[in-house]
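Please read the structure below before turning to the comments.
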Amino acid sequence: MSSAPRGGAQANLPIRGGHDGGQRASGSTTGEVKKPDPKVTQLEDQTVKQMQALESKGLAYRPGYGTQGRSIVLRANFFEVEFKPNVEYFFYSVSIRPEGAPRGQIREIFEKLMQLPPVLSCTAASDSASEIVACGKLPTVPVDIKVGGDPTRPQKVFTVTLRENGVVQPSELLSSLRQTDPRMNYAMELIAVRSLNLLMGRHPSQDHGVATTGRGTTRWFWIDSRMTAADLRGGLQVVRGYFSSMRLAGGRALLNLNVNHGAFYKAMPLINFILEFESTFGRDRSMFNRYVRGLRVSTTHLQRTPMKSGKNKPRYKSIRALASPTDARDAKDKDGRRLLHPPQVPRLGSCANNVKFYDDTHEQYISVADYFKRTYNIVLKYADRPVVNVGSKERPIYLPAEVCVIVPGQPYHGDYVTVQRQNMIQFSCRRPPQNYQSIMTDGLDMMGINNGTMQVGMKFHKEMITVYGRILNPPSLKYGASKVPPRNGSWNLVGKKFCQGVSLKDWTCIWVKKEGSRDAFQPGNPSNALNAFQRKMNELGMRVGPPVVPGPTITIKVNEEDKSINMKDFMEQTQKVFRALLTQNYHFVVVLLPVSEDRIFDYIKWIGETRAGLLTHCVMADKFAKSNDQYLANNAMKVNLKLGGVNQALDFSSQSPLIASGKTMIVGLDVTHPSTTDPESFPSIAAIVASTDSWLGQWPGEVRIQERRRENLQFLKDMVISRLEMWQKSNNGQLPKNIIIYRDGVSEGQYAMVLTEELPMVKHAAQSMYKPDEQPNITIVVVGKRHNVRFYPTTETDQDRTQNAINGTVVDRGVTRPRDWDFYLQAQAPLQGSARPAHYFVIHDEIFTNRDVSKELRPADSLESLTHNICYMMGRCTRSISYSTPAFLADKFCDRARKYVRAYYTDKEISTGQDRFSVPPPGDSEVRLASAARESMVYI
């Protein structure tokens, strides 16, 4: 086995497969194209005209289409579908009795169900979980299906019953999409989309060389010889695949098809996987336990059952967990806790030499290593590595890693460390022509469109549709007394000063060194670099005194056994240093870090921001030592924001009247959920940030712990009140007249939740702060990032140097619904790769369509322009960003709070000796900022 060396990201060339075979540019998206369908444009205009006389009682109606900007024509990654005359799709839900079958057995039940003659004859598709759609009527009488079984266990019998939930008639669906009256909806619309998506997945799901991710997924990946992939490190690989989704637009149904990338476990012997994991993460057994839970493996030590084909049927098992200690504090975590002779497991992840179980035949305890030698004549080469439990907690079955092989096509859903994230970005970063070419070749092939194998009553156009777009002008920015016109979405700080530079007197540094490592600074002290940083901050308009040096030093000790960081010692040193700095009345500290170690960074931020109230700014010591001018300027921007300054502002000529009046507060909201590699008690986290005045330069906020996996913001009322109080404090006791909320982290299926659950909480917050006759006007816009809509320029004059559409491109026609108020905006000019436009969907509006508030006659233009301009207000960089700044910052604060929570788990694990997966969930106190940091943008 060869493993990647420790250190930075390595060059990742595709392993195999794919038409373009790598990262080279291929093809072009420009060239002669058909103009967008005039019938669609006419339908959109007529629908909007009819809606102007109607009042929406749910989601906001579209008030019109935008007109500002230079008009262009773009390709969009959608393919129009035509249906065979009189085709019908029958949609069924599937019940399985007895309930509670594991996922593997449910998959097998559906595989056999789909092979029954009535289903085969009707051309059906399923999600392999609970739904079937067919091109004909299916019998709804119960049927018994046998699954599983081997020489040691009998087959299980399940009773399967279909229940018809509706009949989809595409002709009626298209007829409703061509209606100009927005009240005329097709009653079966949701079931129709679900049915079409299941049918679209029929072709790739029948290909044994294609893997999918999750239940009812629309993401497809080749995992055989056609696969294109690259190493991510730690036993993972990134695989190129495709996303497909049926979408309904004005007058037509469309297939959205896009290049997609996903992380998968490598199909390899489990022992090789362990070695690769250790080369990246060390022997962190708690983390590895979470890493492999649920992983399917085939076994090599047992005789395989022959199949009719003559091949031997593999024996598959699912890893329940690593062997868990029998002295665990929590009884439910003990392996075999109810057995007469429970296994003997010294600690989590104990090895084959140390894990013992009771051998009934010989009436004695025996180690896993000795059992495999005696029973199978297998001498384990890695008896010092963890054994896995493929049974249950009640009746564990232990296997050494050497007899397990990871089954291909299993997606990884956990978090990435830095090097994995870098490798993922490097592989997936492709220019638009490459993705366009992949969609038109591999993508259409995978969906069965190019080769004409779609036999489900649908026919697809072979060319992408075209849509109208517009390029909005960039705003003019202010730096001090200077006006700065951005070009290609960027600008520089040469000769500029911040709008509001802060004063800083008493500051110092914490130098974190790693035992045995070379010093980053010569001659062994950071004074020169800190002085250079001071000069740069002053040059940019801050008023910064000299640093107090030398500052305290923390030396990271390394454990001899596995070369891992001694976190207990580091934590003790860190706490001591922060206590000392507080007694010296420091308010700000630069932290010089030696390595990109997540746990070190997380702990420093947690202690500094939630416990000590001491603002910290972390930098990599080796980069900071070089005192690169651009690097120092980038860090100065963050420090000025963190200390309450304003870096840039919109010039008056670019300000919306809503903002210029100083009466509009703009809010960002987000919720983040635990990943599969987090402890089971890891909570969801909600964040809010908000502007404090018309400068739009400061966005302080707060984070709250809430119920795990809860989608809506549980404490939104209190969070909004805290932002209104901050605005009041910054504006002479006045409250804002208007509140515009950009809500991040919401899927299309959750729009109604925002309207019915979150909007009332915002209104309740306002009612508690305002007089009854002075309630604010509220607009809520959902920001979508994780969609698969992409636009391709059709002329060279409409593309930038990276072959993306020019930043400022907005699209609100062709791929949207006429009745809904939404639009796509690409605000950024990427340095490399393909730009992803943000999707904005208006949930509720009391501002832009309110003539008493907004005097402008075109609400669509007003909102699109304001949203575009706000994308230039990310004060930590000199570029426009990909989506609305407040939503971006709320996401950043959620991420910072996740680091607080991870640090909490590390602290409890080390200080109490508990495994992190047994640690009780954190409370709000673990993420609540210390009083001295509460008004700071600590997360920047």
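The values are calculated or read from the model by the stated rules, or taken from the named source; none is laboratory data. Predicted model only: the values in this text are computed from it and were never measured. Reconstructed Cβ throughout: ideal geometry from the backbone, glycine too, with neighbour counts over all protein chains shown.
This table checks each residue for (1) assigned to a helix (DSSP H, G or I); (2) small (Gly, Ala, Ser).
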site	(1), (2)
Gly875	no, yes
Leu889	yes, no
Lys892	yes, no
Ala897	yes, yes
Ala903	yes, yes
Asp907	yes, no
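If you go through the range 151-171 one residue at a time, how many are surrounded by fewer than 16 Cβ atoms within 10 Å (Cβ to Cβ) and not in a strand (DSSP E or B)?
Qualifying residue count for the region: 5.
Return yes when Pro85 is closer than 20 Å to Met246 by Cβ, of a type outside the set (A, V, I, L, M), touching a residue at least 12 places away in the same chain (Cβ under 8 Å) and part of a loop (DSSP other than H, G, I, E, B) and no when it is not.
yes
Looking only at the range 286-337, filter to residues that are in a loop (DSSP other than H, G, I, E, B), hydrophobic (A, V, I, L, M, F, W, C) and modelled with pLDDT under 85; which one of those is surrounded by the fewest Cβ atoms within 10 Å (Cβ to Cβ)?
Checking each candidate, the answer is Met307.
Among the residues of the range 273-285, is any assigned to a loop (DSSP other than H, G, I, E, B), crowded, with 16+ Cβ neighbours inside 10 Å and at pLDDT 95 or above?
Checking the range 273-285: not a single residue is assigned to a loop (DSSP other than H, G, I, E, B), crowded, with 16+ Cβ neighbours inside 10 Å and at pLDDT 95 or above.
In the range 131-150, what count of residues is obtained for those that are under 23 Å from Met447 (Cβ atoms) and either of a type in the set (Ser, Thr, Tyr) or not in a strand (DSSP E or B) (or both)?
The total comes to 2.
Restricting attention to the range 644-659, which residues are farther than 23 Å from Leu857 by Cβ and buried (at least 19 other Cβ atoms within 10 Å of the Cβ)?
Gly645, Val646, Asn647, Gln648, Ala649, listed by residue number.
Arg928 passes all but one of (1) at pLDDT below 95; (2) outside the structural domain of Thr664 (by TED's automatic domain parsing); (3) of a type in the set (D, E, K, R); which number fails?
Tallying (1) at pLDDT below 95; (2) outside the structural domain of Thr664 (by TED's automatic domain parsing); (3) of a type in the set (D, E, K, R), Arg928 fails exactly one: (1).
Name the strands (runs of 3 or more DSSP E) wholly inside the range 493-593 in which the number of residues that are surrounded by 15 or more Cβ atoms within 10 Å (Cβ to Cβ), without any contact (Cβ under 8 Å) to a residue 60 or more places away in the chain and of a type in the set (A, V, I, L, M, F, W, C) is 2 or more.
553-556
Based on what the data block shows, is Ser95 outside the structural domain of Leu759 (by TED's automatic domain parsing), of a type in the set (S, T, N, Q), more than 29 Å from Ala835 (Cβ to Cβ) and assigned to a strand (DSSP E or B)?
In short, yes.
Name, by its number, the condition in (1) among the aliphatic types (A, V, I, L, M); (2) closer than 23 Å to Lys334 by Cβ; (3) in contact (Cβ under 8 Å) with a residue 40 or more places away in the chain; (4) surrounded by fewer than 20 Cβ atoms within 10 Å (Cβ to Cβ) that does not hold for Val407.
(2)
Need pairs with beta-carbon distance below 7 Å; first residue farther than 14 Å from Leu196 by Cβ and within the range 154-181, second among the aliphatic types (A, V, I, L, M) and assigned to a helix (DSSP H, G or I); sequence gap 6+ or separate chains.
Pairs that qualify, where the first residue is farther than 14 Å from Leu196 by Cβ and the partner is among the aliphatic types (A, V, I, L, M) and assigned to a helix (DSSP H, G or I), are Phe158/Ile109; Val160/Ile109; Val160/Leu113; Asn165/Ile191; Arg178/Leu43; Thr180/Leu43.
Go through the residues of the range 745-759 one by one and say whether even a single one is in a helix (DSSP H, G or I), under 22 Å from Ser694 (Cα atoms) and without any contact (Cβ under 8 Å) to a residue 60 or more places away in the chain.
no
Would you be able to tell me the number of residues in the range 429-449 that are polar (S, T, N, Q) and surrounded by fewer than 19 Cβ atoms within 10 Å (Cβ to Cβ)?
1
Report yes if Val259 is in contact (Cβ under 8 Å) with a residue 60 or more places away in the chain, buried (at least 19 other Cβ atoms within 10 Å of the Cβ), under 30 Å from Phe78 (Cβ atoms) and of a type in the set (Val, Ile, Thr), otherwise no.
Here the answer is yes, as Val259 does meet what is asked.
Look at the range 102-129 and say how many of its residues are under 23 Å from Gln169 (Cβ atoms), small (Gly, Ala, Ser) and surrounded by fewer than 19 Cβ atoms within 10 Å (Cβ to Cβ).
1
What about Arg723, is it touching a helix residue (DSSP H, G or I) at 6+ places or on another chain (Cβ under 7 Å) and of a type in the set (Lys, Arg)?
Considered against the rule, which asks whether it is touching a helix residue (DSSP H, G or I) at 6+ places or on another chain (Cβ under 7 Å) and of a type in the set (Lys, Arg), Arg723 comes out as no.
Kindly indicate whether Arg226 is more than 23 Å from Asp415 (Cα to Cα), in a strand (DSSP E or B) and not aromatic (Phe, Trp, Tyr).
It is false that Arg226 is more than 23 Å from Asp415 (Cα to Cα), in a strand (DSSP E or B) and not aromatic (Phe, Trp, Tyr).
Of these, Thr41, Thr29, Thr47, which one is modelled with pLDDT of 60 or more and in a loop (DSSP other than H, G, I, E, B)?
On inspection, the qualifying residue turns out to be Thr29.
Starting from residues that are loosely packed, with under 14 Cβ neighbours inside 10 Å and among the hydrophobic types (A, V, I, L, M, F, W, C), keep the ones in the range 172-208 and report whichever is nearest to Lys39 (Cα to Cα).
Met184
Based on this model, can you work out whether Arg704 counts as closer than 26 Å to Arg786 by Cβ, basic (Lys, Arg) and in a loop (DSSP other than H, G, I, E, B)?
Against the criterion (closer than 26 Å to Arg786 by Cβ, basic (Lys, Arg) and in a loop (DSSP other than H, G, I, E, B)), Arg704 does not qualify.
Only one of these conditions is not met by Val419: (1) under 27 Å from Arg337 (Cα atoms); (2) in contact with a strand residue (DSSP E or B) (Cβ under 6 Å, 6 or more places away or on another chain). Which number is it?
For Val419, the failing item is (1).
With the structure loaded, tell me whether Val789 is aliphatic (A, V, I, L, M), under 24 Å from Thr41 (Cα atoms), surrounded by fewer than 23 Cβ atoms within 10 Å (Cβ to Cβ) and within 25 Å of the chain's Cα centre (by Cα) or whether it fails that test.
Against the criterion (aliphatic (A, V, I, L, M), under 24 Å from Thr41 (Cα atoms), surrounded by fewer than 23 Cβ atoms within 10 Å (Cβ to Cβ) and within 25 Å of the chain's Cα centre (by Cα)), Val789 qualifies.
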